[in-house]
Amino acid sequence: MLIGEASAPPGTRLYAIGDVHGRADLLAELLELLRKDMARASEARRVLVMLGDYIDRGEWSRHVVDMLLEDPLPGAETVCLCGNHEDYLIRFLDDPSVGPHWLANGGDATLRSYGVEPARYQGLTDGWARMSRLLAAALPPAHRAFFAGLGLSHAEGDYFFVHAGIRPGRPLAEQQRDELLWIRDLFLSSTADHGKIVVHGHTITWAPEDRPNRIGLDTGAYMTGRLTAAVLTGTERRFVGT
């Protein structure tokens, strides 16, 4: 399936939002733009797909999760996918040894947003274990359930939504978790027809990428101030951004 042939399901308007990374301010701005767009929509069914990486780097990670739990786009079905940064948090709760790598990738901002200050514990022999326990205690039950319930992919019509991408040549139903969350070059350089158009985030580009076999939506919100959504209706596609 190549992009010119791809179609959303009949009577459905699809919205997909790229990596937020703690920028609750930009998410609020973009959702308001989508609400205005949806008010003009003729399609009876509307679906919002969040592509993962809601947390880390930006300082309002907890607030982003709160927003996603509060019906972010009223009148639309909401699907929240797991990103590699949510995967870091999930693993840290069970295995504090991933802490140094997580913090090197922006996890310190998430810990602070939940009231855990990493600098107080990093020099202690049991510092990572303490931070893991403190984070577990600080997570509201609804947040813990949110992280635990994140899916890895979502399909609508001729579109396949995922955080990072897929392994080319492997059937979509047989993709592996690590690849869906982490893959880059092998997927990004592929010109293969994947059977559906893959809509993804994870890899920053200065503008949304509209390729024959994929659509990339990570425009580096935490550092550029640009959070981007794709709007997919019928065979048409366009982009809305902050």
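The values are calculated or read from the model by the stated rules, or taken from the named source; none is laboratory data. Values in this document were obtained by computation on a predicted structure and should not be read as measured data. Cβ atoms come from the backbone with ideal geometry, glycine included; neighbour counts cover every protein chain shown.
Cβ-Cβ distance below 6 Å, separation of 6 or more or different chains: which pairs start in the stretch 175-204 with a residue that is of a type outside the set (Gly, Ala, Ser) and end on one that is modelled with pLDDT of 95 or more and loosely packed, with under 13 Cβ neighbours inside 10 Å?
What qualifies is THR203/ARG184.
Take ARG120 and tell me if it is under 30 Å from LEU33 (Cα atoms), surrounded by fewer than 20 Cβ atoms within 10 Å (Cβ to Cβ) and either basic (Lys, Arg) or modelled with pLDDT under 95 (or both).
On the way: under 30 Å from LEU33 (Cα atoms): no; surrounded by fewer than 20 Cβ atoms within 10 Å (Cβ to Cβ): yes; either basic (Lys, Arg) or modelled with pLDDT under 95 (or both): yes.
Considered against the rule, which asks whether it is under 30 Å from LEU33 (Cα atoms), surrounded by fewer than 20 Cβ atoms within 10 Å (Cβ to Cβ) and either basic (Lys, Arg) or modelled with pLDDT under 95 (or both), ARG120 comes out as no.
Return a yes/no flag: does the stretch 55-74 have any residue that is among the aliphatic types (A, V, I, L, M), modelled with pLDDT under 95 and either touching a strand residue (DSSP E or B) at 6+ places or on another chain (Cβ under 6 Å) or in a helix (DSSP H, G or I) (or both). I'd like the intermediate steps shown before the answer.
The initial filter retains those residues of the stretch 55-74 that are among the aliphatic types (A, V, I, L, M), namely 55, 64-65, 67-69, 73.
Those left that are additionally modelled with pLDDT under 95: none.
No.
Quickly run through the stretch 211-223 and pick out the residues that are within 17 Å of LEU27 (Cα to Cα) and crowded, with 18+ Cβ neighbours inside 10 Å.
Narrowing the stretch 211-223 to residues within 17 Å of LEU27 (Cα to Cα): 217-223.
Result: LEU217, ASP218, THR219, GLY220, ALA221, TYR222.
Sort out which residues of the stretch 94-109 are of a type in the set (D, E, K, R) and surrounded by fewer than 19 Cβ atoms within 10 Å (Cβ to Cβ), and write them in order of number. So that I can check it myself, show each step before the final result.
The initial filter retains those residues of the stretch 94-109 that are of a type in the set (D, E, K, R), namely 94-95, 108.
Scanning the stretch 94-109 gives ASP94, ASP95.
Residues to consider are GLY18, GLY83, GLY22; find the one that is touching a residue at least 24 places away in the same chain (Cβ under 8 Å), under 17 Å from the mean Cα position of the chain (by Cα), farther than 20 Å from PHE161 by Cα and crowded, with 20+ Cβ neighbours inside 10 Å. Even if it seems obvious, please write down each step before you answer.
Numbers: GLY18 fails: farther than 20 Å from PHE161 by Cα; GLY83 fails: farther than 20 Å from PHE161 by Cα.
GLY22 is the lone residue from the list that is touching a residue at least 24 places away in the same chain (Cβ under 8 Å), under 17 Å from the mean Cα position of the chain (by Cα), farther than 20 Å from PHE161 by Cα and crowded, with 20+ Cβ neighbours inside 10 Å.
Is there a residue in the stretch 153-171 that is in a helix (DSSP H, G or I) and among the aromatic types (Phe, Trp, Tyr)?
no
Restricting the search to the stretch 148-206, which residues are among the hydroxyl-bearing types (Ser, Thr, Tyr) and under 11 Å from LEU81 (Cβ atoms)?
Residues of the stretch 148-206 that are among the hydroxyl-bearing types (Ser, Thr, Tyr), as a first pass: 153, 159, 189-191, 203, 205.
Residue satisfying the conditions is SER153 alone.
Give me the residue from the stretch 47-86 that is in contact with a Phe, Trp or Tyr (Cβ under 7 Å, 6 or more places away or on another chain) and charged (D, E, K, R) and, out of that set, nearest to ALA148 (Cα to Cα).
Here the answer is GLU86.
All but one of (1) farther than 21 Å from MET223 by Cβ; (2) basic (Lys, Arg); (3) surrounded by 23 or more Cβ atoms within 10 Å (Cβ to Cβ) hold for ARG46, so report the exception by its number.
Looking at each condition in turn, ARG46 falls short on (3).
Restricting attention to the stretch 91-103, which residues are over 14 Å from GLY127 (Cβ atoms) and either in a helix (DSSP H, G or I) or touching a residue at least 60 places away in the same chain (Cβ under 8 Å) (or both)?
Going through the stretch 91-103, the residues over 14 Å from GLY127 (Cβ atoms) turn out to be 91, 93-95, 101.
If the condition is that a residue be over 14 Å from GLY127 (Cβ atoms) and either in a helix (DSSP H, G or I) or touching a residue at least 60 places away in the same chain (Cβ under 8 Å) (or both), then ARG91, LEU93, ASP94, HIS101 are the ones that fit.
Within the stretch 217-237, can one find any residue that is modelled with pLDDT of 95 or more, assigned to a strand (DSSP E or B) and closer than 19 Å to ASP87 by Cβ?
no
So which of GLY123, GLY106, GLY115 is part of a loop (DSSP other than H, G, I, E, B) and on the phi > 0 side of the Ramachandran plot?
On the way: GLY123 fails: on the phi > 0 side of the Ramachandran plot; GLY106 fails: part of a loop (DSSP other than H, G, I, E, B).
After ruling out the rest, the residue left standing is GLY115.
Taking the stretch 150-204, which residues are within 27 Å of MET223 (Cα to Cα) and small (Gly, Ala, Ser)?
GLY151, SER153, ALA164, GLY165, SER189, GLY201
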